[in-house]
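Here's the structure, in structure tokens; my notes come after.
The values are calculated or read from the model by the stated rules, or taken from the named source; none is laboratory data. No experiment lies behind these values; they were computed from the predicted model shown. With ideal geometry, Cβ positions are generated from the backbone for all residues, glycine too; neighbour counts draw on all protein chains shown. The protein model used for the area step is the full one, side chains on, heavy atoms only, and it has no ligands, DNA or RNA in it. Shrake-Rupley method; radii C 1.70, N 1.55, O 1.52, S 1.80 Å.
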Amino acid sequence: PLTIDEVVAIAGGAPVALGPLAFERIRASRAVVDRLVAGEELVYGLNTGLGHARDERVSREVLEAYQEAIVRTHAGGFGGPLPTVVVRAAIAVRVAGIARGGSGATVAAAETLVAMLNAGVHPVVPEVGSVGASDLMHMAAIALVAIGEGEAEVRGERLSGAEALARAGIAPLHPAPKDGLALISANGVSIGHGALVVDRARRLVETVDLVAGLSLEAIGGNPSIVEPAVAAAKPVAGQAEAAEHLRALLAGSAVCVPGGLASVQDPLSFRVVPQVHGALREFVSLVAAAVEAELAAMDDNPLVVIGEDRMISNGNFHPIVMALAFDALRPAIAHVGQLSERRLAHIWDALWKAADLTSVEAMREATAQGGALLRYAAAARYADLRALAGPATLDIPPLDLGVEDHATNAPATVRRTEEALDRLDDILAVELLMARLLLSRIRGDRPIGAGNAATLAALDRRLGEAAPGAGSGAIHAAVAELVREGIVAGG
């Protein structure tokens with residue numbers, strides 16, 4: 001199976017090739033299909049209709065034409081186009097699924113998708129349409145281009161599917177029986193996008209510690225929260241990892257000197273950072289495991305079982321564990337954002353005590369360093385983050401005459417999770433700016449932790465790249481980009 005890192009690489013433009021074992025499994029799977037399509041046995045989606053028409057035979061005379069009809073009739077999405085990286089990830093996931101041998105697709109179908117990836121023919125896939133019982137509408141938009149229809153983006157130019165394939169020297173696919181269903185009945189968008197979101201979240205779990213560490217430094221907080229004995233008292237791996245990271249960031253800081261700047265104990269938004277950030281790490285790991293399980297799965301319906309020479313109607317197209325995992329991750333993200341927003345309130349109070357921000361000079365300096373009033377925008381972003389924390393998996397009503405009466409809403413829950421990460425990035429950027437502003441007011445000759453100093457240096461470099469006199473919005477955008485890229489995590 002593909003790894004998350006490999007999906008990310010392909011989404012970013014890495015080339016793809018089918019290996020000997022892939023060809024072997026595709027051909028073996030296809031042999032099962034060819035035998036059954038010539039027989040009298042009804043097999044769902046092979047020689048029958050779909051959904052509520054599942055028990056109606058499709059005659060052999062129209063079986064091949066029916067494959068293209070399957071693609072056309074399911075291409076019913078709307079809305080803005082999905083990002084190219086998501087489309088590439090979706091195609092990669094579908095190719096990998098075909099290569100595992102459960103789909104019964106032809107070699108030609110797999111090779112067409114591979115050729116599209118390598119030539120940069122990226123189907124225009126609308127954002128809205130699928131409900132997470134296979135990404136049917138999304139995958140149909142990809143399949144349309146494979147058969148020479150629909151629309152595609154090639155090097156920034158939007159073309160008809162036929163012209164995009166012609167320019168790339170790719171012959172349109174003439175789908176054989178089962179190819180139409182094999183191309184659309186998969187969760188390529190949900191799984192592929194999910195892999196990209198996991199990759200981003202893995203970077204963010206490091207960055208959230210860096211932001212909290214700088215704020216703890218700025219307020220002169222109590223470092224007792226990161227002592228090894230505390231982590232040892234609660235066997236949660238994520239908490240121990242977060243505490244260890246924070247401990248390294250604070251090493252050498254004046255707050256760690258006995259009798260230093262620490263209070264007896266800090267507000268909870270500082271004191272429970274290892275616990276809350278540890279929870280985020282735990283849930284990111286949970287989601288990663290769920291995505292990896294889908295990447296290792298054969299989620300086709302009907303499923304070709306090569307060793308048993310048969311096809312089985314089943315529900316593996318239902319990525320419920322992955323969908324629920326993403327639903328669970330968003331509250332964890334929101335709790336991290338809530339801690340950040342609460343810490344901003346304490347930093348704001350400390351700024352007022354450190355300097356009279358009502359003076360013209362003080363306000364000019366605060367504005368030049370990112371604008372203390374960004375704290376209000378961060379509060380608005382937290383409201384968005386809180387709203388995104390609700391579950392998405394229970395929202396889909398019964399469809400198709402009641403036959404499709406349960407769905408996971410996987411595409412939406414993955415998309416909402418990425419939106420939640422966007423909101424968290426925005427809040428963290430404000431916290432970085434305000435912690436930096438407070439440190440500039442109170443630091444003097446006071447030593448700060450080596451890791452926090454590296455974070456501060458990375459932040460200073462990014463701000464130094466901003467245009468002179470840049471407004472608070474431009475400054476925030478630059479720092480939010482720094483958070484998204486994970487550059488802060490690298491010092």
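Numerical summary
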quantity	calculated
Distance between modelled label sites at PHE78 and ALA168, nm, 7 Å Cα→Cβ extension	2.8
Nonlocal amide H pairs with ARG310, under 5 Å, H built at 1.01 Å	VAL305
Hz values of 3J(HN,Hα) by residue in the range 149-156 - Karplus curve (6.51, -1.76, 1.60), Gly and Pro given as x	10, x, 9, 9, 9, 10, 6, x
Cβ-derived FRET efficiency at R0 41 Å, ALA119 paired with VAL230, nearest 0.05	0.15
Distant-in-sequence amide H partners of ALA133 (H built 1.01 Å from N, under 5 Å)	THR408, ASN409
Heavy atoms of ARG446 accessible to a 1.4 Å probe, total area in Å² rounded to 10	40
Residue among VAL291, ALA379, ALA69 farthest towards the positive dipole end of the chain, charges placed on Cβ	ALA379
Crossing angle, helix 136-146 versus the chain [Cα axis fit, 0-90 degrees, rounded to tens]	70
The chain - percent relative contact order, Cα under 8 Å, separation 6 or more	18
Virtual paramagnetic centre 7 Å along Cα→Cβ of ASP384, amide N under 17 Å, in the range 466-489	472-485
Dipole of the chain, positive direction: furthest Cα of LEU2, VAL131, ILE142, with charges on the beta-carbon	LEU2
Dipole moment magnitude, nearest 20 debye, the range 212-288 about Cα centre, only Lys, Arg, Asp, Glu C-beta charged	80
Estimated inter-spin distance, GLU465 and GLU24, nm [label 7 Å along Cα→Cβ]	4.8
Cα-centred dipole magnitude for the range 146-301, charges only on beta-carbon of K, R (+1) and D, E (-1), debye, nearest 20	360
The range 245-298, Rg to Rh (Cα coordinates; Rh as Kirkwood inverse mean 1/r)	1.26
Relative contact order [Cα under 8 Å, 6+ residues apart], the range 239-332, whole percent	27
Paramagnetic reach from ALA289 in the range 221-256 [backbone N under 18 Å; point 7 Å along Cα→Cβ]	235-242
Separation of the ARG342 and CYS256 label points, Cα + 7 Å toward Cβ, nm	2.6
Between 0 and 90°, nearest 10: helix 410-442 axis offset from the chain longest Cα axis	20
Potential lengthening between VAL305 and ARG155 on full extension [0.36 nm per residue; Cα-Cα distance subtracted]	50.1 nm
Gain upon complete extension [VAL107, ARG446; 0.36 nm per residue less C-alpha separation]	115.4 nm
³J(HN,Hα) computed for each position of the range 302-314 - Karplus, 6.51 cos²θ - 1.76 cosθ + 1.60, integer Hz, glycine/proline x	x, 8, 7, 10, 4, x, 9, 6, 8, 10, 10, 6, 7
Net lengthening on full extension, GLU481/GLU419 (0.36 nm per residue, minus Cα-Cα)	20.9 nm
Charge dipole (the chain, unit charges on Cβ, about Cα centre) - positive-most of LEU388, VAL189, PRO411	LEU388
Over the range 125-274, relative contact order from alpha-carbon pairs under 8 Å, at least 6 apart, %	19
Three semi-axes of the equivalent ellipsoid, the range 120-257, Cα gyration tensor, whole Å, largest first	52, 18, 10
Rounded, prolate or oblate (a/c below 1.5 giving rounded, otherwise prolate when a/b exceeds b/c) for the range 67-195 by Cα gyration tensor	rounded
Rounded percent of accessible protein surface that carbon and sulfur make up, the chain, 1.4 Å probe	58
Largest to smallest accessible area among HIS335, HIS277, HIS174 [probe 1.4 Å]	HIS174, HIS335, HIS277
Estimated D of the chain in µm² per second, where Rh is the Kirkwood radius over Cα pairs and Stokes-Einstein applies at 25 °C, 0.890 mPa s	100
Trypsin sites (Lys or Arg not before Pro) within the range 153-217: DSSP coil, no more than 12 neighbouring Cβ in 10 Å	ARG155
Test item: Cα-centred dipole of the chain, Lys/Arg +1 and Asp/Glu -1 on Cβ, debye	1140
Residues with amide H under 5 Å from that of GLU404, placed H, sequence gap 5 or more	LEU399
The chain: angle of helix 374-388 to the longest principal axis, Cα-based, in degrees nearest 10	40
Percentage, to the nearest whole number, of Cα pairs in the range 425-491 over 19 Å apart	29
Cα pair count fraction exceeding 22 Å, expressed as % - the range 203-288	20
Per residue accessible area of the range 121-223, 1.4 Å probe, in Å²	26
